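So the structure is just underneath, and the comments pick up after that.
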Amino acid sequence: MASETMQKKEDGILNHKEFYKTLTRLALPIAFQSLMLAAVAAGDALMLGKVAQDEMTAVSLATQIQFIQNMILGAITGAGAILGAQYWGKGDKYTLENIFNMILRFGGIVSVLFFLACELAPELLMHIFTPDAALIAIGSAYLRIAGWSYLLTGISQCYLTIMKVSDHVKPCALISTCAVLLNIGLNAIFIFGLFGMPKMQAGGAALATTLSRIVELALCIFVSSKGSYIRPAFERFLKLPGQLKADFAKQCLPLMGGCLCWGIGFTSYTAIMGHMGTDAAAANSVAAVVRDLICCMCNGIGSAAGIMVGNELGAGRLDRGKAYGIKLKNISYLIGLLSAVLVLAATPLITRMVVLTAQAREYLLGMMAVMAVYMIGRCINTVVINGVLDGGGDTLFDMYSLIVCMWMIAIPLALVGAFVLHWPPVLVYGCTCLDEVGKIPWVLVRFRKYKWVQDLTR
């Protein structure tokens, strides 16, 4: 009886047709954008996998540097998205321009630092992930070229973030799609030496990435010049309200802690697998590409969840924001199960698409089975933590859960298994997947406390 009463109350607050229409309008373009970005890594892996296993593995390890950069940029743009979605829901464009200025400043600084690291010390960076001299040489050459793309990424991601929260999701997805398609096309030309170009292999993948990032940023600036778009207010670029900076820091610092915990932790997983031999590293590289491709839908729904919940809360409609969050949490269960089935269904095809040794192929089969279970936790946590909780400003929980589940359980267990107990690579890979599955009960308890149901605007 109580459940029926609650259901009727929810139906009165939540217009299901409007909800699904908004979710589809936001989630599909973002998911497609995520798919296109993952397709770049997939294209690199498949094309370089046709050249040589070492080329594919070295580039996969080298791109972990960009992965860390993206984690830091994700915290900056994520804080901007949380505040931006609520101020857009409130109709305050002036403050949204100030938020744009703020994320541009911090994102630009981060991009410059990573660019300098790739240009000045690429060998040192590669030593973190592998002791193999051949992989270090290939990866270092890749980073020296790809580092220029890292310089541009911070700026373009700020533009794309503001487009998403200001109801320009489709143009945002189209820009990313154009950049990705260009990247894949240039990959083929430079890696294989098509149309009379020299065969550049790993260096070709780096050059293709850099050129596509130039085009992406140019499109962002051009599209945002139209009247209906939010643009940086350069006349007050260095003059930001103190209260807004404090609000931004309150959201950004926990996100930064969470992103660094997750990003460095994930990079640690890659480094651990990289030190278990080239076959284990190669299998893990392919598994990572598959994981990123299949996570696209939950990434789209997670981003849409943050925008939808944030818009409602910022507009003062707390009951509807809460109802949206509950509905999105339930949807995450279904997405998780579908993703697990998709991993298992794709396994036979994936193992035939890349050039691997027999041992690496055997490792990959085991990793895909483990990944199917992992995907359930990954989807639930992405939608609930990175979508609903973050949309309401409850950003501290992500950092806490990562410190406990990843840094106190998964990473120590993987390290002991790999270097002390000398477990098989697939078992060590399973240890690296424990964090997402293990924290599901904790996440759901946190969700039901409803601390995320709050209006952050002033």
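The values are calculated or read from the model by the stated rules, or taken from the named source; none is laboratory data. A quick note: this is a predicted structure, and the numbers were derived from the prediction, not measured. Note that we place each Cβ from the backbone using ideal geometry, even for glycine, and neighbour counts take in every protein chain shown. Each accessible area value is taken on the protein alone, full model and side chains, heavy atoms only, with ligands, DNA and RNA left out. Shrake-Rupley method; radii C 1.70, N 1.55, O 1.52, S 1.80 Å.
Quick look at the values:
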{"read-out": "Failed condition for Glu362, given (1) in contact with a Lys or Arg (Cβ under 7 Å, 6 or more places away or on another chain); (2) assigned to a helix (DSSP H, G or I); (3) more than 25 Å from Asn299 (Cα to Cα)", "value": "(1)"}
{"read-out": "Subset tally (residues that are at pLDDT 85 or above and either out of contact with any Gly (no Cβ under 9 Å at 6 or more places or on another chain) or at positive phi (or both)) for the range 183-207", "value": "2"}
{"read-out": "Candidate set from the range 63-106 (those that are of a type in the set (Lys, Arg) and out of contact with any helix residue (DSSP H, G or I) (no Cβ under 6 Å at 6 or more places or on another chain)); member that is least open to solvent (accessible area, probe 1.4 Å)", "value": "Arg105"}
{"read-out": "Tally of residues being of a type in the set (D, E, K, R) and over 19 Å from the mean Cα position of the chain (by Cα) across the range 268-315", "value": "2"}
{"read-out": "Which numbered condition Ala281 fails, given (1) out of contact with any helix residue (DSSP H, G or I) (no Cβ under 8 Å at 6 or more places or on another chain); (2) within 21 Å of Leu135 (Cβ to Cβ)", "value": "(1)"}
{"read-out": "Among residues of the range 194-229, those that are of a type in the set (Gly, Ala, Ser) and surrounded by fewer than 18 Cβ atoms within 10 Å (Cβ to Cβ), counted", "value": "5"}
{"read-out": "Residue match in the range 107-116 (condition: more than 30 Å from Asn311 (Cβ to Cβ) and open to solvent by less than 50 Å² (accessible area, probe 1.4 Å))", "value": "yes"}
{"read-out": "Qualifying residue in the range 373-394 (condition: of a type in the set (Lys, Arg) and open to solvent by less than 40 Å² (accessible area, probe 1.4 Å))", "value": "yes"}
{"read-out": "Qualifying residue in the range 323-334 (condition: at positive phi and small (Gly, Ala, Ser))", "value": "no"}
{"read-out": "Residue selected from the range 342-369 under the condition of a type in the set (A, V, I, L, M) and exposed (fewer than 13 other Cβ atoms within 10 Å of the Cβ), by the criterion nearest to Gly391 (Cα to Cα)", "value": "Ala345"}
{"read-out": "Odd one out for Thr395, checked against (1) hydroxyl-bearing (Ser, Thr, Tyr); (2) modelled with pLDDT of 90 or more; (3) closer than 25 Å to Ile30 by Cα", "value": "(2)"}
{"read-out": "Subset of the range 144-175 that is open to solvent by 30 Å² or more (accessible area, probe 1.4 Å) and touching a Gly at 6+ places or on another chain (Cβ under 7 Å) - its residue that is nearest to Tyr87 (Cα to Cα)", "value": "Gln157"}
{"read-out": "The listed residue being open to solvent by less than 30 Å² (accessible area, probe 1.4 Å) and either at pLDDT 80 or above or closer than 26 Å to Tyr142 by Cα (or both), out of Val59, Val51", "value": "Val59"}
{"read-out": "Selection within the range 123-143 - open to solvent by less than 20 Å² (accessible area, probe 1.4 Å) and either of a type in the set (Gly, Ala, Ser) or modelled with pLDDT under 90 (or both)", "value": "Met126, Phe129, Thr130, Leu135, Ile136, Gly139, Ser140, Tyr142"}
